[in-house]
Amino acid sequence: MTPLTRPYNFAAGPATLPQAVLEQAAAELLDWQGRGVSVMEMSHRSEAFEGILADCEARLRRVLAVPSDFAVLFMQGGAQAQNALVPLNLARARPVAVAVTGLWSAKSLAEAARYTNACACADTRPACTQWPSPAGWALPAGAAYVQICANETVHGVEAPLHAWPDLAALGSDAALVVDASSNILTHSVPWPRVGLLYACAQKNLGIAGLTLVFVRRSLLGQAAPACPTVFNYTDAAANRSMTNTPPTYAIYLAGLTLAWLEREGGLAQMAERAQARSSTVYAAIDTSGGFYRSAVEPGARSRINVPFTLATPELTTRFLDAATAAGLLNLKGHKAVGGVRASLYNAMPLAGAQALVAHMQQFARSHG
Ligand SMILES: *Cc1c(COP(=O)(O)O)cnc(C)c1O
């Protein structure tokens, strides 16, 4: 079989998958490991699927070094459902706070406010180009949790790992809640600081339909009575994510993606690659003589989503059309910020970032 050459897909999510994962899924599509059925056709209670789920959880725990006092939940509803499910499961009618650093954390705050008393403990709007130092946050007394977005996928702002707040050291007994949808599996997680971390799967670990929730077991058992049964973390933990039918095929694909990640060298390798890909693109921006511009403060630049603008905005459409013609797909920026956005998830090879840089340089030469 001749290997298929595919274009580079810079989509923000759903996003590019490792080709090896797609090939394995294709090879197993009609008959999973001699069972005569596709994973899509299996009962979630079958011994075969139980094995797929257990394997996926074991890989997650191994790759991310998840402590045993955390439950791993395989949920539905996407990352945005968690904006409601976190307060419904954890708020206990106490205040909560969200550090607003971009579009996604702003949505988290607005949704939490529907369920409990929610405030912004930091707010970098309207620019959203920096990571505010936690030392200056206004933490409400008696807060149940404080939420951050580890990587603002739209604004391209990423919390440096050392700047994930240590709430205990800041004098708060609130739990830290982290939306890691777009940078999970790109660096290690400082678990001692974390109460709950969630991520949708369609950026770095497979396809839409699955949301992972890692929750400290001591936070279970306090859901509001109005919390839907199928979204109750305590029930999900007790039923091993089988309160109802879990997103079986998405869990299978997450398992394949994690197996690929382990074959490729694990989390340390993913962190190194994220650094290499993003610094290649930032270097092209910074050495373009102002032709390309990044608005984000250098210390808060995301290693995963790189938004940038052209000094001559009228050229943006031409840049994007030429990129598509060159096999560089889905580089249009989010409508909230415009311009260009290169999403560089784990499945994007360094060669993809280099091809983008070559295109940027050629375009600047012919339009500069
Ligand atoms: C993509 C994304 C979301 C939304 O995910 P859905 O699964 O579409 O709800 C939320 N937060 C962040 C940080 C994201 O990148």
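Rule-based calculations on the coordinates, nothing more; no lab input. In this text the structure is predicted, and so the values were computed from the model without any measurement. Positions of Cβ are generated from backbone atoms using ideal geometry, with glycine treated the same way; all protein chains shown enter the neighbour counts.
Kindly evaluate L205 against the criterion of being in contact (Cβ under 8 Å) with a residue 12 or more places away in the chain, away from the ligand (no atom under 16 Å from the Cβ) and either in a loop (DSSP other than H, G, I, E, B) or at positive phi (or both). Here the answer is no, as L205 does not meet what is asked. Taken together, R240, R277, R273 contain a single residue that is under 21 Å from M42 (Cα atoms) and of a type in the set (K, R), which is R240. Among the residues of segment 148-176, those identified as touching a residue at least 60 places away in the same chain (Cβ under 8 Å) and within 12 Å of the ligand (Cβ to nearest atom) are N151, E152, T153, V154, H155, G156, V157, E158, A159. Residues that are touching an Asp or Glu at 6+ places or on another chain (Cβ under 8 Å) and part of a helix (DSSP H, G or I) were ranked within segment 36-59; the one that is nearest to G255 (Cα to Cα) is R59. Scanning segment 67-82 for residues that are more than 14 Å from the chain's Cα centre (by Cα), within 15 Å of the ligand (Cβ to nearest atom) and polar (S, T, N, Q) gives a single hit, Q76.
Listed conditions (1) more than 23 Å from A112 (Cβ to Cβ); (2) within 16 Å of the ligand (Cβ to nearest atom) are all met by Y252, apart from (2).
Among the criteria (1) surrounded by fewer than 14 Cβ atoms within 10 Å (Cβ to Cβ); (2) part of a loop (DSSP other than H, G, I, E, B); (3) hydroxyl-bearing (S, T, Y), the one S366 does not fulfil is (2).
In this structure, L60 qualifies as under 18 Å from T257 (Cα atoms) and either away from the ligand (no atom under 16 Å from the Cβ) or out of contact with any Gly (no Cβ under 8 Å at 6 or more places or on another chain) (or both). Take the conditions (1) surrounded by 18 or more Cβ atoms within 10 Å (Cβ to Cβ); (2) within 16 Å of the ligand (Cβ to nearest atom); V21 misses just one of them, which is (2).
For residues in segment 321-336 being crowded, with 18+ Cβ neighbours inside 10 Å and out of contact with any Lys or Arg (no Cβ under 8 Å at 6 or more places or on another chain), which is nearest to V157 (Cα to Cα)? Within segment 321-336, the match that is nearest to V157 (Cα to Cα) is N330. Scan segment 86-105 for residues that are over 15 Å from S181 (Cα atoms) and not charged (D, E, K, R) and the total you get is 12.
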